[in-house]
Amino acid sequence: GILQAALIVSICCASSFLTSLSMSAIATNGKVQAGGCYQIIKKSLSPQFGVVVGLLLFLSNTFGVAMYILGFVEALKGAIPAVSVNEEQDPRLIGAITLLCLFCIVYVGISYISKFAFLFLSGVLIAILSIHLGTFYHTANPKPEDGIVGLSWDNFSDNWGPNYDPQYDFGTLLAIFFPAVTDPLAGSNLSGDLKDAQKSIPPGTLAAVATTTVLFLLQVFYTGGSCLQKTLATEETGFLIVTKLAWPFGELVYAGIMLSTLGAGLQSLAGAPRLISAIAKDNMIPQLAFLTPKPGEEPRKALILCASLSLACVMIGKLNAVAPFITMWFLTCYAIINCACFILAYEQSPTFRPRWKYFHWSISLLAAILILGMMFFISWYFALAALTIAIGLYKYVQRQDEEINTSGGGWQSGMRFNQVRNGLLMLQEADIEFKYWRPFVLFLCKMSKDGKYIPQGGMINLIGQLMKRGKGLAFVGGCIEGDYAENADKAREASKELRDLLSEKGIDGFPEVIVSNTVRDGQLFMLQGKGFGPLRPNTVMLGFPDVTGMDEAEATDFLKLCREVAVSHKTLMLCKTNDSFPASTEHITGNLDVWWVFDLLPARGLLLLTPYLLQQHAVWKGTKLRLFVVTGHEDDQDTLRHMLVNMLRSAGLEADVNILQMNEDEAPRFTHTLNTKNEPHDATADPAGEGTSMQALTSYIQAHSVHTAALNVDVKIDMPGSAAATIKEGEEGGPSAPVKEASEEDPGRVREEMKNAPSPPPGQKKSSRLVLNHDEAVPSRPNRSSTATKRVSVAVLKKDKFGSKLTAAIVKNSGESALVMLTMPVPQLGQPASEYLLSVDTLIKDLKRVILIQESGQERVELYSA
């Protein structure tokens, strides 16, 4: 019908016109170089888009050669019926011979093609003119016997509606017709031959599209208004009906069709090899390197490839079967161009500055929507296949481009920048505090004088393992001593090597190597300046120094740095290892121990949150968390026990709890910490307020005990030096009955009786394990025996040379543990820096791996909530 035929023409030409506007913007974005559409898109958008569009155009032109040849065969059969005897085989044979002739012409030299361009164009113009003249001629002289009655309103009305043959529908005809519309990329393919490509491509392409749109619509109206519907609907009479409509000779139409198809076939067969050879020359797809011609030679290898693929399509033998494939490749190509143009224009990328003023990002968006809609309307599975191939090509080329680093950030850089910029502007300090706290670690690494990273026992591995569940960021900073002008290049190269190292280890973060007069100055600079807005490190990681041979000045500088970390309101993690921190491919088993010495909930719970984050990584997943709490003899053990049970339960953590009683003078390194914990601090701290004191922590936990009192508990409570027992709530022989302990002096003697713990509510099933998260139960562990555990007496432990029994206690309980974490002792008043560091080294030197945590008092961590 006239209506739907005009609609098909309008849709196809509209997509071509809108894409021409986008292509005009691309063509006027900077200097247009020779190389056709591929080079223009590569330079304006990105190499990835250039290669994908170039390959799709290569496929389109290759299939197009077959379509044009089959069109030539159809016209030849109509003009000279005797050339075709076998309807199945003759079109393939004639098509193969025609392709061979075209191949020979192109192989000899492309210069011959341009000489015949005027001849091809003249034939097309004469054919179109004869059709238009024939329309008016047959209006005055109708030929009813041929189904041509001339223009009339009645015939126009009869042909207005559709009357489809069963094997065709709107989508099929849309796919068949689309290759006939003017290619909006045709002008850009001549970029190297134009005097001023920026000035010529936009108006020339748009004028061509507008002209062909008018001619196509006139053809629909003329043919629909002049020919009877039954004539158009019958293949025998409707085939090339315009040859009967033409005046004075129908053969002019046949000649025009044959000339135009041969010309278009020659152009496609000459252009496609150059397109694929240009892609091969850029080495974006190494597998195509063999198609690269030598300098000054014709791309004959690419020509053979193109001709071979075209021959395979010619063997299909049906024009209508080949056209939909070309349509899908062209539509995919146009969709990619419009989408990329829309993104660049919408993001207002500074690199996208088209001189073509009749352009807006909404034009490209509309064109992309229209073209994608056409693709899925024609055939949704072919559309998915074409888009999948295009995306696969893009990803492959992107990977190749990253390896050779030819295009910098790529077209996505503008989008990524805007996303990051908007996110940073919206980010507030409170967004990364308390329950939304994430580890942002500044690792102050060691660098050699020549800018090489010095491994420190695998500490960099620890950062990546901490980031997996924490979803934070790592900042790896190094410092090179010297003059900046002399060492700037060295620092840049060192930063690049660090970036490669982070990428190799899968660490999410950013490296930076700076130049300063001294390492200490550089570290202080990074401590103050690293980060952006609220996105600043909240944790600093350092390697524990080698105290052997360290003089007082070096020790003093190190302690100053530690104190400056606290002043900057950052938590310090000092790492030391005798066995190196494991790589991400290792799997560690054993215990992961946390020590609280005369302090409850140090660093607002960071000493428990950090091992939890580590255990989410495959390396540490097989470890078992244990909490050791060192308390004075005067503390109420039952109150402490219940307090810890409720705290762990509210925090959603699973850990064995061990309580050790010790006098203050038996752990002098931490006595100062105990004496200063009741100082007031920031009211904006965690909900526990003064959360490090037993009284404050007790009051906070009691506020949440209503949620957890009914749950059953299985917590192992070891009290070396006073009492040791396995406490099981909710089962017979639990806290409601006297608990026996086995002492070295009298194993059968009951030394003390634990207070009764809350019983489960009526109807509550008794259990023998600790449910540590009151929202979600954890699978039960095997029942443990309620027999007493062996008591370790602190009295038998020897003091180290600094008068502390804590060293022996830690080694005895955690000497074989995979990792130990404890609060960093505070220097005693008047204690020399070197002596202090030596005392800390003595405390931890016999442990496999240890992390010392120095809290700043301003930690914004919420370990547990109601």
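The values are calculated or read from the model by the stated rules, or taken from the named source; none is laboratory data. Given the structure is predicted, the values throughout are model-derived calculations rather than measurements. Glycine also receives a Cβ, built like all others from the backbone with ideal geometry; neighbour counts cover every protein chain displayed. Heavy atoms of the whole protein, side chains included, go into the accessibility calculation; ligands, DNA and RNA do not. Shrake-Rupley method; radii C 1.70, N 1.55, O 1.52, S 1.80 Å.
Give me a count of the residues in the range 548-567 that are under 14 Å from Q523 (Cβ atoms) and among the hydrophobic types (A, V, I, L, M, F, W, C).
The initial filter retains those residues of the range 548-567 that are under 14 Å from Q523 (Cβ atoms), namely 554, 557-565, 567.
Now restrict to residues that are among the hydrophobic types (A, V, I, L, M, F, W, C): 558-559, 561-562, 565, 567.
Selection size over the range 548-567: 6.
Taking K357, is it within 38 Å of the chain's Cα centre (by Cα) and among the basic types (K, R)?
On the way: within 38 Å of the chain's Cα centre (by Cα): yes; among the basic types (K, R): yes.
Criteria met by K357.
Being open to solvent by 40 Å² or more (accessible area, probe 1.4 Å) and under 27 Å from the mean Cα position of the chain (by Cα): is that true of C339 here? Give the derivation first.
Details: open to solvent by 40 Å² or more (accessible area, probe 1.4 Å): yes; under 27 Å from the mean Cα position of the chain (by Cα): yes.
When the stated conditions are applied, C339 passes them.
Name the single residue that is farthest from K230 (Cα to Cα) among those in the range 129-148 being among the aliphatic types (A, V, I, L, M) and crowded, with 19+ Cβ neighbours inside 10 Å.
Residues of the range 129-148 that are among the aliphatic types (A, V, I, L, M), as a first pass: 129, 131, 133, 140, 148.
Restricting the remaining residues to those that are crowded, with 19+ Cβ neighbours inside 10 Å gives 131, 148.
Working: I131: 20, I148: 11 Å.
Ranking the qualifying residues of the range 129-148, first place goes to I131.
Taking the range 588-611 as the search range and keeping residues that are more than 15 Å from T539 (Cβ to Cβ) and in contact with a Gly (Cβ under 9 Å, 6 or more places away or on another chain), which one is surrounded by the fewest Cβ atoms within 10 Å (Cβ to Cβ)?
Within the range 588-611, the match that is surrounded by the fewest Cβ atoms within 10 Å (Cβ to Cβ) is T589.
Listed here are the residues, each with its yes/no results for (1) modelled with pLDDT under 85; (2) within 48 Å of the chain's Cα centre (by Cα); (3) among the basic types (K, R).
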| position | (1), (2), (3) |
| --- | --- |
| G763 | yes, no, no |
| N783 | yes, yes, no |
| K790 | yes, no, yes |
| T823 | no, yes, no |
| L829 | yes, no, no |
| S839 | no, yes, no |
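Is one or more of the residues making up the range 184-193 over 49 Å from the mean Cα position of the chain (by Cα) and in a helix (DSSP H, G or I)?
Taking the range 184-193 and keeping what is over 49 Å from the mean Cα position of the chain (by Cα), we get none.
Taking every residue of the range 184-193 in turn, none turns out to be over 49 Å from the mean Cα position of the chain (by Cα) and in a helix (DSSP H, G or I).
I'm checking my understanding of the structure. Among residues of the range 496-531 that are touching a Ser or Thr at 6+ places or on another chain (Cβ under 7 Å) and of a type outside the set (A, V, I, L, M, F, W, C), which one is most open to solvent (accessible area, probe 1.4 Å)? Walk me through it before giving the result.
So in the range 496-531, the residues touching a Ser or Thr at 6+ places or on another chain (Cβ under 7 Å) come out as 505-506, 511-513, 522, 525, 527-528.
Those left that are additionally of a type outside the set (A, V, I, L, M, F, W, C): 505-506, 511-512, 522, 528.
On the way: K505: 69, G506: 58, P511: 22, E512: 65, G522: 1, Q528: 134 Å².
Per the criteria, the residue is Q528.
Over 19 Å from A323 (Cα atoms), among the polar types (S, T, N, Q) and either modelled with pLDDT of 80 or more or assigned to a helix (DSSP H, G or I) (or both), is that true of S60?
Numbers: over 19 Å from A323 (Cα atoms): no; among the polar types (S, T, N, Q): yes; either modelled with pLDDT of 80 or more or assigned to a helix (DSSP H, G or I) (or both): yes.
No; evaluated as a whole, the condition is false for this residue.
If you check V540, V476, V515, which single one turns out to be in contact with an Asp or Glu (Cβ under 8 Å, 6 or more places away or on another chain) and closer than 26 Å to S856 by Cα?
Numbers: V540 fails: in contact with an Asp or Glu (Cβ under 8 Å, 6 or more places away or on another chain); V515 fails: closer than 26 Å to S856 by Cα.
Only one candidate qualifies: V476.
Could you say whether any residue in the range 312-333 is polar (S, T, N, Q), open to solvent by 30 Å² or more (accessible area, probe 1.4 Å), over 30 Å from L119 (Cβ atoms) and touching a helix residue (DSSP H, G or I) at 6+ places or on another chain (Cβ under 8 Å)? Can you show your working first?
Looking only at the range 312-333, we keep the residues that are polar (S, T, N, Q), and these are 320, 327, 332.
From the residues that got through so far, the ones that are open to solvent by 30 Å² or more (accessible area, probe 1.4 Å) too are 320.
Checking the rest, the ones that are also over 30 Å from L119 (Cβ atoms) come to none.
Among the residues of the range 312-333, not one is polar (S, T, N, Q), open to solvent by 30 Å² or more (accessible area, probe 1.4 Å), over 30 Å from L119 (Cβ atoms) and touching a helix residue (DSSP H, G or I) at 6+ places or on another chain (Cβ under 8 Å), which makes the answer no.
Can we say G95 is of a type outside the set (S, T, Y), open to solvent by less than 40 Å² (accessible area, probe 1.4 Å), at pLDDT 90 or above and more than 45 Å from the chain's Cα centre (by Cα)? Steps first, answer last, please.
On the way: of a type outside the set (S, T, Y): yes; open to solvent by less than 40 Å² (accessible area, probe 1.4 Å): yes; at pLDDT 90 or above: yes; more than 45 Å from the chain's Cα centre (by Cα): yes.
Yes.
What number of residues within the range 532-587 are within 33 Å of the chain's Cα centre (by Cα), open to solvent by less than 80 Å² (accessible area, probe 1.4 Å), farther than 24 Å from R626 by Cα and among the hydrophobic types (A, V, I, L, M, F, W, C)?
3
Checking F376 against (1) in contact (Cβ under 8 Å) with a residue 24 or more places away in the chain; (2) part of a helix (DSSP H, G or I), which test does it fail?
(1)
If you check A117, A82, A127, which single one turns out to be at pLDDT 85 or above and at negative phi?
Working: A117 fails: at pLDDT 85 or above; A82 fails: at pLDDT 85 or above.
After applying the criteria, what remains is A127.
Confirm whether G71 is surrounded by fewer than 24 Cβ atoms within 10 Å (Cβ to Cβ) and either not in a loop (DSSP other than H, G, I, E, B) or not hydroxyl-bearing (S, T, Y) (or both).
On the way: surrounded by fewer than 24 Cβ atoms within 10 Å (Cβ to Cβ): yes; either not in a loop (DSSP other than H, G, I, E, B) or not hydroxyl-bearing (S, T, Y) (or both): yes.
For G71, the condition - surrounded by fewer than 24 Cβ atoms within 10 Å (Cβ to Cβ) and either not in a loop (DSSP other than H, G, I, E, B) or not hydroxyl-bearing (S, T, Y) (or both) - is met.
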